[in-house]
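Chemist: Shown below is the structure under consideration.
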Amino acid sequence: MSEKDFFREATLRICGNLDIEKALFSCFQYLQQKMPVEWMSLQLYEERLKAMRTVAIATPEQAKEVNLLTPLSPVARQQIEKRMRLKISGARLIILDNETESYYRDMLSYHGVNGKSVIVMPLESEGRYIGSLALISGVSETFSQEHAGLISSLKEPFVIAMSNTLRYHEVMKLRDLLADDNRYLHRELRRITGDDIIGVNFGLREVMEKVHQVAAQDSPVLLLGETGVGKDVIASAIHYSSRRKDGPFIKVNCGAIPESLIDSELFGHEKGAFTGAVSQKRGKFERADKGTIFLDEIGELPLQVQVRLLRVLQHKEIERVGGSKTIQLDIRFIAATNRDLEMMVENNQFREDLWFRLNVFPIRIPPLRDRRSDIPALVEYFINKKVKELKLPGIPDLSPEAMDILMNYDWKGNVRELENVVERALILNPQGPLAFDYINQNHVQSELSIPARTGKWESLDMMTSRYIKRVLSSTGGRINGKNGAAEILGVNPNTLRNRMKKLGITFGRINK
């Protein structure tokens, strides 16, 4: 077949369908008859996010439209930005070996694709780089220069297909900005089911595999991880992926309930059970019947409440405060903590039998510093989210150095801290470009370093007490509110007060 006939047949397939995945699959099936292609993708380099966005993928089985951000190493970013500056045109044949540029190795690694050669063709429209086409051969055959020449002839059809896809995505972005509250809530519901959890392809892959394993069961789940890693999001994903998804999902922050009200909040009460009980009240457990109850910060529960919780776990039954009727429950338990429950058991601060009951299926959620590959996608998600919440007119750009600053920061407050940093940047400079130079300056320097070689070791309580006092000193003793000690420490105010009480730290203004 001549190049002219090849161009006509391939173009008919590329431009014969407005759905990019269908057009790509039709073209892929045709190209397979002419060359040893096993994988093909359309991708876009997101300079502001320092990542490669794959918009569509075709394999021998199927083609699908995707929205996958692949983080690139600094070397890979330099290589692709250099090619963009040089405005290299035409398809390029690369034989994959140890000398292959970092960019190609990064992409193949993240997509889990193996092959012997790659054909890459940059796509430009009106002198502006809009993306690239990539084809990968199988592990037993390689592309030839003749194959690269044939692909070069398809540049204009692929530019049209890519341009149409990008314009469609832009329209969808504008539609999202104008979406009403109902559509926003539906989108949030899809997010918490796990369909759109940021990191499912990279940093949270193992976590989500465990979520899918346990979701179909009714076994208790214990979520472990630092404050701010997103334990509530994972708990929601488990519930909405289970057979109980149409039932209630009741969240309880165990550290936020005053000790005197815990029984009433969890178990409910009968009318007249105590002063102020003017009517019957259903507790959190009863409200979660036929659904799931999420006990966050379970390590904050007093020991006497832990005893009653154990009975609920064992027998799935409760009695309201002031009542004698036993109420049977059909309920699934998910608990979460940022504390070391095993150490608390050794210190008699947490019941061992309750620990065994809860620790049936533990899931540890990694801190953000251990999954930095998710940062570009998280930044994009939070920018889009906060733009809606702040009712800004458009989505601002990032400054050139912004992503490097975010990728190199330690993120002790994890995903929650990243969300707050993005919101602050949008408030400070809603028009953009967004810069994050201040995050290292505002980072509270901890004095918790252990003195080495002195032989003087502090207990964990002593170090915690000293750190809390330092934070309280900086806030003038203020616990609640904006920039209060609880917000700085990333805990609930009641949790902080309970901790201060245990450590013997007095309330009120502290002299600086």
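The values are calculated or read from the model by the stated rules, or taken from the named source; none is laboratory data. If you're wondering where the values come from, they're calculated on a predicted model, not measured in any experiment. Backbone-built Cβ (ideal geometry, glycine too); neighbour counts: all protein chains shown.
Chemist: Return yes when Asp404 is under 30 Å from Ser279 (Cα atoms) and among the acidic types (Asp, Glu) and no when it is not.
Modeler: Here the answer is no, as Asp404 does not meet what is asked.
Chemist: Kindly indicate whether Thr193 is of a type in the set (Ser, Thr, Tyr), in a loop (DSSP other than H, G, I, E, B) and either outside the structural domain of Gly255 (by TED's automatic domain parsing) or modelled with pLDDT under 90 (or both).
Modeler: no
Chemist: Return a yes/no flag: does the range 117-135 have any residue that is more than 21 Å from Gln79 (Cα to Cα) and in contact (Cβ under 8 Å) with a residue 60 or more places away in the chain.
Modeler: No, the range 117-135 contains no residue that is more than 21 Å from Gln79 (Cα to Cα) and in contact (Cβ under 8 Å) with a residue 60 or more places away in the chain.
Chemist: Any idea which of (1) in contact (Cβ under 8 Å) with a residue 24 or more places away in the chain; (2) of a type outside the set (D, E, K, R); (3) touching a Phe, Trp or Tyr at 6+ places or on another chain (Cβ under 8 Å) is the one Pro396 doesn't satisfy?
Modeler: Failed condition: (3).
Chemist: Same structure again: Residues in the range 43-71 that are under 25 Å from Phe28 (Cβ atoms) and either touching a Cys at 6+ places or on another chain (Cβ under 6 Å) or in a loop (DSSP other than H, G, I, E, B) (or both): how many?
Modeler: Residues flagged as under 25 Å from Phe28 (Cβ atoms) and either touching a Cys at 6+ places or on another chain (Cβ under 6 Å) or in a loop (DSSP other than H, G, I, E, B) (or both) within the range 43-71 amount to 4.
Chemist: For residues that are among the polar types (S, T, N, Q) and assigned to a loop (DSSP other than H, G, I, E, B), scanning just the range 258-296, find the one that is surrounded by the most Cβ atoms within 10 Å (Cβ to Cβ).
Modeler: Among residues in the range 258-296 that are among the polar types (S, T, N, Q) and assigned to a loop (DSSP other than H, G, I, E, B), the one surrounded by the most Cβ atoms within 10 Å (Cβ to Cβ) is Gln280.
Chemist: Which ones in the range 468-485 are assigned to a helix (DSSP H, G or I) and either out of contact with any helix residue (DSSP H, G or I) (no Cβ under 6 Å at 6 or more places or on another chain) or within 18 Å of Arg424 (Cβ to Cβ) (or both)?
Modeler: Ile468, Lys469, Arg470, Ser473, Ser474
Chemist: Would you mind telling me which numbered condition in (1) closer than 17 Å to Asp296 by Cα; (2) among the charged types (D, E, K, R); (3) assigned to a helix (DSSP H, G or I) Lys388 fails?
Modeler: The failed condition is (1).
Chemist: Another question about this same structure. Is one or more of the residues making up the range 346-367 in the same structural domain as His212 (by TED's automatic domain parsing), basic (Lys, Arg), at negative phi and in contact with a helix residue (DSSP H, G or I) (Cβ under 6 Å, 6 or more places away or on another chain)?
Modeler: Within the range 346-367, one or more residues are in the same structural domain as His212 (by TED's automatic domain parsing), basic (Lys, Arg), at negative phi and in contact with a helix residue (DSSP H, G or I) (Cβ under 6 Å, 6 or more places away or on another chain).
Chemist: How many of the residues in the range 351-408 are in contact with a Pro (Cβ under 6 Å, 6 or more places away or on another chain), surrounded by fewer than 17 Cβ atoms within 10 Å (Cβ to Cβ) and more than 21 Å from Glu419 (Cβ to Cβ)?
Modeler: Going through the range 351-408 one residue at a time, the tally reaches 1.
Chemist: Can I ask one more? Which ones in the range 130-150 are crowded, with 17+ Cβ neighbours inside 10 Å and in contact with a Pro (Cβ under 6 Å, 6 or more places away or on another chain)?
Modeler: Within the range 130-150, Ser132, Ser137 meet the criteria.
Chemist: Can you give me the number of residues within the range 411-438 that are in contact with a Lys or Arg (Cβ under 6 Å, 6 or more places away or on another chain) and loosely packed, with under 14 Cβ neighbours inside 10 Å?
Modeler: Qualifying residue count for the region: 0.
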